[in-house]
Amino acid sequence: MTSCHSGLRVLRPETPYLSPVGSGAQRSTPDDELTIRVRHTPKYVLVAVAGEIDIATVAGLRERLVALAASGRPLITDLDQVGFIDAAGLGALAGAARLAAEHGVGLHVVCARQQVRRLFQITGLDRSIPLAGTLAEALQIMAAGAAAQTKADIQWSPRDPDVLRDALAALRRLA
């Protein structure tokens, strides 16, 4: 059974992930497409993202992250296969982290790519969303509780609604 929304096809129940809508032929993911795979485990949900996260592709990611964050299960978002992320993508992650915190869980990001990690640091998102270089590291952080995020733990400042503007300004400074 399939359904189509936001340029992504959800395959249920046999395949618990999203894939780009296309002709159905096997092909690699072009740079301008986004693939989102979701794996549910007993202790967390892993969201593996591949492709480019930008204004053209962020709607599907935001929708999926919001639904998962509202489930009350800790989220780990793997961005290692993301070649590009803009302010819209950073905003989607920030919004999902906030929603996860409202539901008493956290959102962690796995990414070894220095370019993406630098964007988190420049925009300050690394102070709200724990970054890990590997999935194993993210799991250690979660298990240790060192970066556990709960509604009481997160200190969202009044600037948070402006996170997209600030992220965009940071991206422009890099150019």
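The values are calculated or read from the model by the stated rules, or taken from the named source; none is laboratory data. Because the structure is a prediction, the values reported are computed rather than measured. Because the Cβ atoms are built from the backbone with ideal geometry, glycine has one as well, and the counts that use them run over all protein chains shown.
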Go through segment 77-86 and give me each residue that's buried (at least 24 other Cβ atoms within 10 Å of the Cβ) and of a type in the set (A, V, I, L, M).
-> Ile85
Residue under evaluation Ala25, criteria (1) of a type in the set (A, V, I, L, M, F, W, C); (2) farther than 23 Å from Gln140 by Cα; (3) modelled with pLDDT of 90 or more; (4) part of a loop (DSSP other than H, G, I, E, B), criterion not met = (3)
Please work out if Asp126 is without any contact (Cβ under 8 Å) to a residue 12 or more places away in the chain and either crowded, with 19+ Cβ neighbours inside 10 Å or outside any strand (DSSP E or B) (or both).
-> yes
Every residue from segment 57-70 that is of a type in the set (A, V, I, L, M) and part of a loop (DSSP other than H, G, I, E, B) | Ala70
Across segment 71-122, the tally of residues that are in contact (Cβ under 8 Å) with a residue 60 or more places away in the chain, not charged (D, E, K, R) and not in a helix (DSSP H, G or I) stands at 2
Would you mind telling me which numbered condition in (1) charged (D, E, K, R); (2) farther than 22 Å from Ile122 by Cβ; (3) at pLDDT below 95 Arg64 fails?
-> (3)
